[in-house]
Amino acid sequence: MKMRFNLIISAIILFIVSSCKESDRDEDKTFHTSTDVAFSTNLVYDIFKTFYQAANYTQGIVTNNTTDSISVYGCDTIFKDTTSNPKWLKIQFNSGCTSEGITRSGKIYSTFDSYFDITGATATLILDDFNYGAFKVYYGTITIKNEGLIDSIPNYTIQFNEVKIINNYSQRINYSGTHQLKIIQGGNTQTIVDDVYSITGSNSGRVFKGNGFSSQIITALNLSGNCNWISSGVVTVKPENIPTRTLDFGSGCDKSISITVYETKNIVEIP
(Lines give C-alpha, C1' and ligand atoms only; values in the text may rest on other atoms or scores of the structure.)
Protein backbone atom coordinates (compact mmCIF):
# COMPACT_ATOMS: atom_id res chain seq x y z
CA MET A 1 0.00 0.00 0.00
CA LYS A 2 2.83 2.38 0.94
CA MET A 3 4.64 1.63 -2.34
CA ARG A 4 1.44 2.34 -4.31
CA PHE A 5 0.96 5.59 -2.43
CA ASN A 6 4.54 6.66 -3.18
CA LEU A 7 4.05 5.88 -6.87
CA ILE A 8 0.91 8.03 -6.99
CA ILE A 9 2.70 10.92 -5.27
CA SER A 10 5.63 10.60 -7.68
CA ALA A 11 3.29 10.64 -10.66
CA ILE A 12 1.55 13.78 -9.39
CA ILE A 13 4.86 15.56 -8.84
CA LEU A 14 6.09 14.53 -12.31
CA PHE A 15 2.86 15.86 -13.85
CA ILE A 16 3.17 19.18 -12.04
CA VAL A 17 6.83 19.61 -13.02
CA SER A 18 6.06 18.68 -16.63
CA SER A 19 3.14 21.10 -16.76
CA CYS A 20 5.24 23.93 -15.36
CA LYS A 21 7.93 23.32 -18.00
CA GLU A 22 5.32 23.71 -20.72
CA SER A 23 4.08 27.01 -19.31
CA ASP A 24 5.52 30.28 -20.54
CA ARG A 25 5.10 31.58 -16.98
CA ASP A 26 8.25 29.73 -15.85
CA GLU A 27 10.48 30.27 -18.85
CA ASP A 28 12.69 33.20 -17.90
CA LYS A 29 14.11 33.62 -21.40
CA THR A 30 10.87 33.89 -23.36
CA PHE A 31 9.31 37.14 -24.54
CA HIS A 32 5.71 36.12 -25.34
CA THR A 33 4.27 38.42 -22.68
CA SER A 34 6.03 41.51 -24.04
CA THR A 35 5.02 40.67 -27.62
CA ASP A 36 1.39 40.33 -26.56
CA VAL A 37 1.51 43.64 -24.68
CA ALA A 38 2.90 45.34 -27.81
CA PHE A 39 0.25 43.70 -30.00
CA SER A 40 -2.59 44.66 -27.64
CA THR A 41 -1.45 48.26 -27.45
CA ASN A 42 -1.34 48.53 -31.24
CA LEU A 43 -4.80 46.98 -31.53
CA VAL A 44 -6.52 49.27 -29.02
CA TYR A 45 -5.01 52.32 -30.69
CA ASP A 46 -6.24 51.13 -34.07
CA ILE A 47 -9.69 51.22 -32.46
CA PHE A 48 -8.98 54.68 -31.02
CA LYS A 49 -7.86 56.13 -34.36
CA THR A 50 -10.84 54.66 -36.22
CA PHE A 51 -13.25 56.03 -33.62
CA TYR A 52 -11.51 59.41 -33.44
CA GLN A 53 -11.70 59.92 -37.20
CA ALA A 54 -15.40 59.01 -37.27
CA ALA A 55 -16.34 61.16 -34.27
CA ASN A 56 -14.55 64.27 -35.52
CA TYR A 57 -16.18 64.06 -38.94
CA THR A 58 -19.77 63.57 -37.77
CA GLN A 59 -22.20 66.45 -37.33
CA GLY A 60 -23.94 66.39 -33.98
CA ILE A 61 -21.13 64.38 -32.39
CA VAL A 62 -18.85 67.42 -32.61
CA THR A 63 -19.87 71.06 -32.89
CA ASN A 64 -18.47 71.42 -36.41
CA ASN A 65 -21.41 71.66 -38.82
CA THR A 66 -19.49 71.76 -42.10
CA THR A 67 -18.38 68.14 -42.31
CA ASP A 68 -20.50 65.01 -42.06
CA SER A 69 -18.79 61.79 -43.13
CA ILE A 70 -20.56 58.49 -43.75
CA SER A 71 -17.41 56.32 -43.71
CA VAL A 72 -13.87 56.09 -42.30
CA TYR A 73 -12.19 53.70 -44.75
CA GLY A 74 -14.71 53.59 -47.59
CA CYS A 75 -15.75 50.03 -46.74
CA ASP A 76 -17.63 50.85 -43.57
CA THR A 77 -20.69 52.92 -42.68
CA ILE A 78 -21.10 55.46 -39.88
CA PHE A 79 -24.50 55.47 -38.17
CA LYS A 80 -25.52 58.00 -35.51
CA ASP A 81 -28.30 59.29 -33.33
CA THR A 82 -27.58 62.79 -32.04
CA THR A 83 -31.04 63.37 -30.57
CA SER A 84 -31.02 60.52 -28.06
CA ASN A 85 -29.59 60.81 -24.55
CA PRO A 86 -26.83 59.79 -24.61
CA LYS A 87 -26.11 60.43 -28.26
CA TRP A 88 -24.36 57.56 -30.02
CA LEU A 89 -22.29 56.62 -33.04
CA LYS A 90 -21.67 53.24 -34.65
CA ILE A 91 -19.06 52.25 -37.22
CA GLN A 92 -20.25 49.16 -39.09
CA PHE A 93 -17.60 47.40 -41.20
CA ASN A 94 -18.48 45.53 -44.38
CA SER A 95 -17.22 41.97 -44.70
CA GLY A 96 -13.56 42.03 -45.72
CA CYS A 97 -13.13 45.76 -45.09
CA THR A 98 -9.39 46.20 -45.66
CA SER A 99 -7.37 49.41 -45.48
CA GLU A 100 -3.57 49.75 -45.45
CA GLY A 101 -3.20 45.98 -44.96
CA ILE A 102 -5.56 45.71 -41.96
CA THR A 103 -8.86 43.84 -42.34
CA ARG A 104 -11.61 44.92 -39.95
CA SER A 105 -15.12 43.59 -39.48
CA GLY A 106 -17.95 43.86 -36.98
CA LYS A 107 -18.64 47.20 -35.35
CA ILE A 108 -17.41 49.84 -32.93
CA TYR A 109 -20.19 51.44 -30.87
CA SER A 110 -19.75 54.59 -28.79
CA THR A 111 -21.89 56.86 -26.61
CA PHE A 112 -21.24 60.52 -25.74
CA ASP A 113 -22.27 62.67 -22.80
CA SER A 114 -21.68 65.89 -24.75
CA TYR A 115 -20.21 67.19 -28.00
CA PHE A 116 -16.93 65.32 -28.18
CA ASP A 117 -14.84 68.39 -29.08
CA ILE A 118 -15.82 70.22 -25.86
CA THR A 119 -13.48 70.10 -22.86
CA GLY A 120 -14.73 67.58 -20.31
CA ALA A 121 -16.71 65.51 -22.80
CA THR A 122 -16.50 61.73 -22.40
CA ALA A 123 -17.01 59.02 -24.99
CA THR A 124 -17.45 55.36 -24.05
CA LEU A 125 -16.61 52.72 -26.66
CA ILE A 126 -18.42 49.42 -26.19
CA LEU A 127 -16.47 46.50 -27.67
CA ASP A 128 -18.29 43.23 -28.20
CA ASP A 129 -18.12 42.57 -31.93
CA PHE A 130 -14.99 43.95 -33.57
CA ASN A 131 -12.46 41.94 -35.57
CA TYR A 132 -8.90 43.03 -36.32
CA GLY A 133 -7.44 40.57 -38.80
CA ALA A 134 -7.63 37.12 -37.21
CA PHE A 135 -8.31 38.55 -33.74
CA LYS A 136 -11.67 39.31 -32.18
CA VAL A 137 -12.40 41.87 -29.46
CA TYR A 138 -15.37 40.40 -27.64
CA TYR A 139 -15.65 42.32 -24.38
CA GLY A 140 -14.68 45.53 -22.63
CA THR A 141 -14.94 49.30 -22.88
CA ILE A 142 -12.63 52.18 -23.70
CA THR A 143 -13.45 55.50 -22.07
CA ILE A 144 -11.99 58.65 -23.63
CA LYS A 145 -12.19 62.00 -21.84
CA ASN A 146 -11.38 65.24 -23.62
CA GLU A 147 -9.13 67.14 -21.21
CA GLY A 148 -8.94 70.18 -23.49
CA LEU A 149 -5.83 72.13 -24.41
CA ILE A 150 -2.86 71.95 -22.08
CA ASP A 151 0.01 74.19 -23.22
CA SER A 152 -1.92 74.53 -26.51
CA ILE A 153 -1.84 70.74 -27.05
CA PRO A 154 -5.04 68.59 -27.14
CA ASN A 155 -5.02 66.10 -24.25
CA TYR A 156 -7.14 63.02 -23.59
CA THR A 157 -7.36 60.53 -20.74
CA ILE A 158 -8.02 57.00 -22.00
CA GLN A 159 -9.13 54.16 -19.74
CA PHE A 160 -9.08 50.56 -20.97
CA ASN A 161 -11.53 48.47 -18.97
CA GLU A 162 -11.00 44.70 -19.37
CA VAL A 163 -10.62 44.78 -23.14
CA LYS A 164 -10.64 41.09 -24.07
CA ILE A 165 -9.09 39.75 -27.27
CA ILE A 166 -9.27 36.17 -28.55
CA ASN A 167 -7.14 34.48 -31.23
CA ASN A 168 -7.74 31.47 -33.49
CA TYR A 169 -6.51 29.11 -30.75
CA SER A 170 -9.10 30.37 -28.24
CA GLN A 171 -6.34 32.01 -26.21
CA ARG A 172 -7.31 35.31 -24.62
CA ILE A 173 -5.79 38.63 -23.68
CA ASN A 174 -7.25 40.79 -20.92
CA TYR A 175 -6.01 44.39 -21.22
CA SER A 176 -6.71 47.19 -18.72
CA GLY A 177 -5.02 50.46 -17.86
CA THR A 178 -4.98 54.24 -18.00
CA HIS A 179 -3.15 56.36 -20.57
CA GLN A 180 -2.63 60.05 -21.20
CA LEU A 181 -2.65 60.92 -24.91
CA LYS A 182 -1.41 64.18 -26.41
CA ILE A 183 -1.85 65.15 -30.05
CA ILE A 184 1.56 66.74 -30.61
CA GLN A 185 1.03 67.24 -34.37
CA GLY A 186 -2.11 67.65 -36.45
CA GLY A 187 -4.39 68.53 -33.56
CA ASN A 188 -5.80 71.54 -35.38
CA THR A 189 -7.34 69.42 -38.16
CA GLN A 190 -10.17 66.90 -38.05
CA THR A 191 -8.42 64.15 -40.01
CA ILE A 192 -6.11 61.70 -38.26
CA VAL A 193 -3.72 61.31 -41.21
CA ASP A 194 -1.50 64.18 -40.09
CA ASP A 195 -1.78 63.39 -36.36
CA VAL A 196 1.10 62.32 -34.14
CA TYR A 197 0.19 61.01 -30.69
CA SER A 198 2.37 60.91 -27.59
CA ILE A 199 1.16 58.33 -25.06
CA THR A 200 2.10 57.65 -21.44
CA GLY A 201 0.58 55.48 -18.72
CA SER A 202 0.41 51.93 -17.40
CA ASN A 203 -1.40 48.64 -17.98
CA SER A 204 -2.11 45.29 -16.41
CA GLY A 205 -3.90 42.10 -17.37
CA ARG A 206 -3.26 38.65 -18.77
CA VAL A 207 -1.85 37.58 -22.14
CA PHE A 208 -2.42 34.72 -24.59
CA LYS A 209 -0.32 32.10 -22.77
CA GLY A 210 -1.93 32.89 -19.43
CA ASN A 211 0.74 35.15 -17.94
CA GLY A 212 -0.47 37.93 -15.70
CA PHE A 213 1.47 41.15 -16.25
CA SER A 214 1.88 44.78 -15.32
CA SER A 215 3.54 47.36 -17.56
CA GLN A 216 4.67 50.96 -17.44
CA ILE A 217 5.49 53.32 -20.31
CA ILE A 218 8.86 54.84 -19.37
CA THR A 219 9.53 56.66 -22.67
CA ALA A 220 6.41 58.05 -24.32
CA LEU A 221 4.99 55.99 -27.16
CA ASN A 222 4.72 57.78 -30.48
CA LEU A 223 2.04 56.81 -32.96
CA SER A 224 1.29 58.48 -36.29
CA GLY A 225 -2.23 58.66 -37.63
CA ASN A 226 -1.08 57.26 -40.98
CA CYS A 227 0.84 54.29 -39.52
CA ASN A 228 -0.55 50.94 -38.38
CA TRP A 229 2.07 50.47 -35.66
CA ILE A 230 3.54 52.39 -32.77
CA SER A 231 6.78 53.83 -34.11
CA SER A 232 8.77 54.48 -30.93
CA GLY A 233 8.69 54.36 -27.15
CA VAL A 234 9.87 52.11 -24.32
CA VAL A 235 7.78 50.03 -21.91
CA THR A 236 8.79 47.90 -18.96
CA VAL A 237 6.80 44.66 -18.79
CA LYS A 238 6.67 42.61 -15.59
CA PRO A 239 5.17 39.11 -16.04
CA GLU A 240 4.05 37.26 -12.93
CA ASN A 241 6.89 35.66 -10.95
CA ILE A 242 9.64 36.40 -13.47
CA PRO A 243 11.94 39.38 -14.05
CA THR A 244 11.00 42.60 -15.82
CA ARG A 245 11.54 42.87 -19.56
CA THR A 246 12.21 46.05 -21.55
CA LEU A 247 10.06 46.49 -24.64
CA ASP A 248 11.34 48.98 -27.23
CA PHE A 249 9.14 49.88 -30.21
CA GLY A 250 12.12 51.08 -32.22
CA SER A 251 12.18 54.13 -34.46
CA GLY A 252 10.08 53.47 -37.55
CA CYS A 253 6.67 52.55 -38.90
CA ASP A 254 6.96 48.77 -38.85
CA LYS A 255 6.12 45.64 -36.85
CA SER A 256 9.62 45.19 -35.42
CA ILE A 257 10.17 45.56 -31.69
CA SER A 258 13.05 44.64 -29.40
CA ILE A 259 12.67 42.90 -26.05
CA THR A 260 15.56 42.82 -23.60
CA VAL A 261 15.71 39.96 -21.11
CA TYR A 262 18.76 39.60 -18.84
CA GLU A 263 20.64 42.15 -20.98
CA THR A 264 20.02 40.04 -24.10
CA LYS A 265 18.12 41.88 -26.84
CA ASN A 266 15.68 39.96 -29.02
CA ILE A 267 14.27 41.44 -32.25
CA VAL A 268 10.79 40.12 -33.02
CA GLU A 269 7.70 41.11 -35.00
CA ILE A 270 4.25 41.55 -33.53
CA PRO A 271 1.27 39.93 -35.33
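Brief remarks on what is shown
- Filter result for ILE242 (in a loop (DSSP other than H, G, I, E, B), at pLDDT below 95 and surrounded by 15 or more Cβ atoms within 10 Å (Cβ to Cβ)): yes
- When the residues of region 188-208 are filtered to those that are assigned to a loop (DSSP other than H, G, I, E, B) and surrounded by fewer than 16 Cβ atoms within 10 Å (Cβ to Cβ), the one that is modelled with the highest pLDDT is ASP194.
- Residue satisfying all of: in region 245-271; more than 28 Å from THR50 (Cβ to Cβ), surrounded by 14 or more Cβ atoms within 10 Å (Cβ to Cβ) and among the β-branched types (Val, Ile, Thr); farthest from the chain's Cα centre (by Cα) among these: VAL261
- For region 101-112, a tally of residues being under 28 Å from LYS145 (Cβ atoms) and at pLDDT below 95 returns 1.
- ILE165 touching a helix residue (DSSP H, G or I) at 6+ places or on another chain (Cβ under 7 Å) and β-branched (Val, Ile, Thr): yes
- Matching residues, region 171-186, being surrounded by 17 or more Cβ atoms within 10 Å (Cβ to Cβ) and among the small types (Gly, Ala, Ser): GLY177, GLY186
- Inside region 209-219, residues that are within 23 Å of THR157 (Cβ to Cβ) and surrounded by 19 or more Cβ atoms within 10 Å (Cβ to Cβ) make up a count of 3.
- In region 115-127, residue nearest to GLU147 (Cα to Cα) [restricted to those that are of a type in the set (A, V, I, L, M, F, W, C) and buried (at least 17 other Cβ atoms within 10 Å of the Cβ)]: ALA121
- Within the set PHE130, PHE112, PHE93, the sole residue that is touching a residue at least 12 places away in the same chain (Cβ under 8 Å), over 20 Å from the mean Cα position of the chain (by Cα) and surrounded by 15 or more Cβ atoms within 10 Å (Cβ to Cβ) turns out to be PHE112.
- Pairs with Cβ under 6 Å, 6+ apart, first in region 232-254 and without any contact (Cβ under 8 Å) to a residue 24 or more places away in the chain and polar (S, T, N, Q), second surrounded by fewer than 15 Cβ atoms within 10 Å (Cβ to Cβ) and not in a loop (DSSP other than H, G, I, E, B): SER232/SER251; THR236/ILE218
- When residues in region 29-82 are screened for being more than 25 Å from the chain's Cα centre (by Cα), of a type in the set (Asp, Glu) and either at pLDDT below 95 or buried (at least 20 other Cβ atoms within 10 Å of the Cβ) (or both), 1 of them pass.
- Of the residues making up region 216-224, one or more are of a type outside the set (D, E, K, R), within 28 Å of ASP68 (Cα to Cα), in contact (Cβ under 8 Å) with a residue 24 or more places away in the chain and in contact with a Cys (Cβ under 8 Å, 6 or more places away or on another chain).
The values are calculated or read from the model by the stated rules, or taken from the named source; none is laboratory data. Because the structure is predicted, anything quoted here is derived from the model rather than measured. Heads up, the Cβs are rebuilt from the backbone with ideal geometry, glycines too, and the neighbour counts pull from every protein chain shown.
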